[in-house]
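Structure, as structure tokens:
The values are calculated or read from the model by the stated rules, or taken from the named source; none is laboratory data. Everything quoted here is computed from the prediction, not taken from an experiment. As a convention, Cβ positions derive from the backbone with ideal geometry for all residues, glycine included, and neighbour counts pool all protein chains shown. For the accessible areas, the whole protein counts, side chains as well, though only heavy atoms, and no ligand, DNA or RNA atoms are used. Shrake-Rupley method; radii C 1.70, N 1.55, O 1.52, S 1.80 Å.
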Amino acid sequence: DFGIAKAAGRAQIARPAGRERTPGYMAPEQLRGGQVDKRADVYAVAVTLWETLTRRRAFRGDHDEVMRQRRSAVPIPPPSSIDPKLVELDDLCARGLAQDPDERFASAREMAAALEQICAPASIGDVSAWLEDVAAPLLTRRETTLATLERDASPTQVRAAIRHEVGVDVAG
């Protein structure tokens with residue numbers, strides 16, 4: 001466990017009023033200004049897991065809109081409501097996302113152990129193959145861009161290629 005929630009609760013960093021943290025990942029007790037412990041981190045991990053599984057944001061909108069959604073206490077739906085193949089993970093996500101910290105996993109380690117009971121961790125070979133499949137088109141495109149840049153490209157062309165590739169404006 002990282003103790004992020006606990007440390008964040010103690011930190012007194014000056015920020016604009018009402019903009020202290022990212023509310024979509026904050027445990028309900030954090031939003032209420034209550035006592036936080038490892039279970040607040042479990043909540044944040046459960047939100048992240050839910051978003052990863054469903055490829056959707058749990059809470060959408062700007063800071064104020066997300067705060068409105070969170071105050072309404074509407075539960076995050078089970079992952080299987082988005083993708084029926086995820087039904088095995090519904091209970092795990094529900095427990096990690098429980099409004100009451102006493103109903104959550106006691107620690108991230110406990111949540112990880114429960115996740116491993118549902119689906120075994122991927123092997124290094126599986127992760128490597130997946131990464132290659134996902135990254136291959138991007139890496140091929142970047143290799144082409146690099147080859148183009150290496151051939152006497154003007155500074156203007158280099159900036160345009162970088163803007164196109166990474167979506168960042170580069171000053172001349």
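Values computed for the structure shown
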read-out	value
Residue match in segment 125-139 (condition: within 26 Å of ASP41 (Cβ to Cβ) and out of contact with any Asp or Glu (no Cβ under 8 Å at 6 or more places or on another chain))	yes
Filter result (exposed (fewer than 13 other Cβ atoms within 10 Å of the Cβ) and among the charged types (D, E, K, R)) within segment 147-164	GLU150, ARG151, ASP152, ARG163
Identity of the residue in segment 44-70, open to solvent by less than 60 Å² (accessible area, probe 1.4 Å) and of a type in the set (Val, Ile, Thr), that ends up farthest from PRO23 (Cα to Cα)	THR54
Of all residues in segment 29-57 being among the acidic types (Asp, Glu) and in a helix (DSSP H, G or I), the one that is nearest to ARG104 (Cα to Cα)	ASP41
Enumeration of residues in segment 71-91 that are open to solvent by less than 60 Å² (accessible area, probe 1.4 Å) and farther than 19 Å from PRO28 by Cβ	PRO79, SER80, ILE82, ASP83, LEU86, LEU89, ASP90
Looking only at segment 50-75, and only at residues there that are among the β-branched types (Val, Ile, Thr) and under 20 Å from ALA112 (Cα atoms), the one that is nearest to the chain's Cα centre (by Cα)	THR52
